[in-house]
Amino acid sequence: PPAPPQAQAPSSSPPQTSGRKTLVEAPANADDVDAVTLPAKPAAILAGKTKWDEAVPSLKDAFARIEADLAKAGIAPTGRPLAVFTRTDDDGFAYEAMIPVASAPDPAPTAADGLRFGTTPSGKALRFPHKGSYDDIDGTYETLTTYLDAKDIVVQDRFIEEYVTDLADKADDKLDVNIYALTR
């Protein structure tokens, strides 16, 4: 006779981030632009730069490195991964990959491989939802820019992407991203 089904042992796959909260709860109509106040949260931060066509692999690698360093240090991540775009040009962009934590360790560990602790960007912002592949995110940024221009809203020179779903690959059409534009 066949053996009874066994409970599956936990896999050693990368940590699932799906249970972690976003910076701000989603509104009732999550498909529309909304004004929010971003709270400053302690975060593990890793700076990087990459070319546009390498965005997804570069960000995924940065988040994986942060997750691994947090696991080694015994620090539990509490929020969704973020990318703060600090500089952009025709060739690519510089960013700070961030994963919120309950509190920064004290004393902070030495900056191993560039990992440091700080806080997530905070203040008044507009949240623009992007649902669809990373390949199509330019369309959301065009909508965002048109919206800001039409309303004559001035924002800081950096955008924040918060990955509500895990960043799998650039063609994943189930990707859900909150794009935040901090107002001045």
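Quick notes
- The Rg/Rh ratio of the stretch 34-183, with Rg taken over Cα atoms and Rh as the Kirkwood radius over Cα pairs, comes to 0.96.
- With 5 Å bins from 0: P(r) over the stretch 122-184, alpha-carbon pairs, percent: 4, 19, 28, 23, 14, 10, 3
- Helix axis angle, 55-73 relative to the chain longest principal axis, alpha carbon, degrees: 50 degrees
- Other-chain or far-sequence residues with amide H under 5 Å of residue 34's (modelled H): 127
- Spin-label model distance (nm) - residue 37 vs residue 53, 7 Å beyond Cα toward Cβ: 4.5 nm
- Over all Cα atoms in the stretch 91-158, the spread is summed up by Rg and Dmax: 16.4, 47 Å.
- Angle in degrees between helix 137-150 and the longest Cα principal axis of the chain, rounded to the nearest 10: 30 degrees
- Stretchable slack from residue 170 to residue 135, in nm (0.36 nm times residue separation minus alpha-carbon distance): 12.1 nm
- For residue 159, the residues 5 or more places off, or on other chains, whose built amide H falls under 5 Å of its own are 85.
No value in this document is a laboratory result; all are computed from the given coordinates. Because the structure is a prediction, the values reported are computed rather than measured. Heads up, the Cβs are rebuilt from the backbone with ideal geometry, glycines too, and the neighbour counts pull from every protein chain shown.
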